Amino acid sequence: MNRSDFLKHVAWISGWAIFASAMKHGEPSPFTELRNGVGKFSMQGGTIGWFVNDDAIAAIDSQFPDPAGEFVSGIRSFGAGPEKFLFNTHHHGDHTGGNQVFERKGYHIIAHTNVPMLQERSARANETENNQAYAKTVFDREYELDLGNETIHAKYYGPAHTKGDSVIWFRNANIVHTGDLIFNRRYPFIDRDGGALITGWIDLLETVYSEADAETLFIFGHGNPEFGVTGLRADLLYMRDFLSHLLEYTQRGILEGKNREELRRIRYFETFPDHESPSDFLSLPRNIDAAWRELTDAD
Ligand SMILES: [Zn+2]
């Protein structure tokens, strides 16, 4: 083999090694490194955020049992712990469903004080009480975790997507995990039964925007496939504008004497053409229901 063929062979081998390591079960790796030890993991359910250094692993949200199993074994190729932490951004099953898997691996679970109560209530309604693991540490306003070269800061801003949402700040990396406070260009779930408040959500997005800077990288709970689950602070104002438009549309209809069914007939807002509706559950009519309930104090 001459030198040129040898180099091609080496390139082919290393290319294959990279390709092979990225492929598991025929799928691209769910792990993506972002910067400064922080990354994201996407498989099924709300995006997991993660941080590793020599001393600790911290994860944000747990998806469901199967992806949680993939996460807790796969993250070991980035760092071994030994300290392990899991934050839940809120109680929904696609963010807490893998908690038991994490807990069995020694992760200490942290969440806003309303999360265990809301999680238990929906587990009772869905008869999934045996599949839950709850936060052992809870906080009212904020919680700070010092991990040496990174400080993780969880903050509660009041009711928004639920009444237990935290925004998780990786201070050194300048990365923020929003949980479901951002559905990136996708009609969101507005959980009125879980204490959601659209006006609070709008205020929250403006506050987080002002606390971030132009370099801040955001990890979103959900996004449409074209726009993805990461972005910049301008995306927060886009979501704010959508929620404001939703409230205005619904309020105008109420003032014009329209009933709820008439208002629900619209499928898309023309001013937000890139919003995706993957199911009836995440759709504009459902959003209008939530806005109606908030504006009329209806059940
Ligand atoms: Zn949610």
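Nothing in this text is a laboratory measurement; each read-out follows from the coordinates by a stated rule. The model shown is predicted, which means the values in this text are computed figures rather than measured ones. Because the Cβ atoms are built from the backbone with ideal geometry, glycine has one as well, and the counts that use them run over all protein chains shown.
Numerical summary
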quantity: Using alpha-carbon coordinates, inclination of helix 3-22 to the longest axis of the chain, degrees; calculated: 40 degrees
quantity: Radius of gyration and Dmax over the Cα atoms of the stretch 28-240, both given in Å; calculated: 15.6, 44
quantity: Cross-link partners of K136 among aspartates and glutamates (Cα-Cα below 13 Å; sequence separation of 8 or more within a chain); calculated: E103
quantity: Label-to-label distance, nm, for residues given as E33 and E261 (7 Å Cα→Cβ offset); calculated: 5.8 nm
quantity: 0 to 90° range, to nearest 10: angle between helix 234-255 axis and the chain longest Cα axis; calculated: 20 degrees
quantity: Total charge dipole magnitude, the chain, about the Cα centre, Cβ charges on Lys, Arg, Asp, Glu only, Debye to nearest 20; calculated: 540 debye
quantity: C-alpha center-to-center spacing [the stretch 216-252, the stretch 108-149] in angstrom; calculated: 25 Å
quantity: Other-chain or far-sequence residues with amide H under 5 Å of T230's (modelled H); calculated: F220
quantity: Cα-based equivalent ellipsoid, the stretch 121-226: semi-axes from gyration tensor eigenvalues, Å; calculated: 24, 19, 14
quantity: Value at 222 nm in deg cm²/dmol, rounded to 500, when DSSP H runs of n ≥ 4 in the chain each add -39,500 (n - 2.57); calculated: -11000 deg cm²/dmol
quantity: On Cα atoms only, tilt of 284-296 relative to the major axis of the chain in degrees; calculated: 50 degrees
quantity: Proximal aspartates and glutamates to K40, defined as alpha-carbon separation beneath 12 angstrom and excluding residues fewer than eight positions away on the same chain; calculated: D61
quantity: Efficiency of FRET between D55 and T113 - r from beta-carbon atoms, R0 25 angstrom, step 0.05; calculated: 0.40
quantity: Rg(Cα) / (2.2 N^0.38 Å) computed for the stretch 183-299, rounded to two decimals; calculated: 1.07
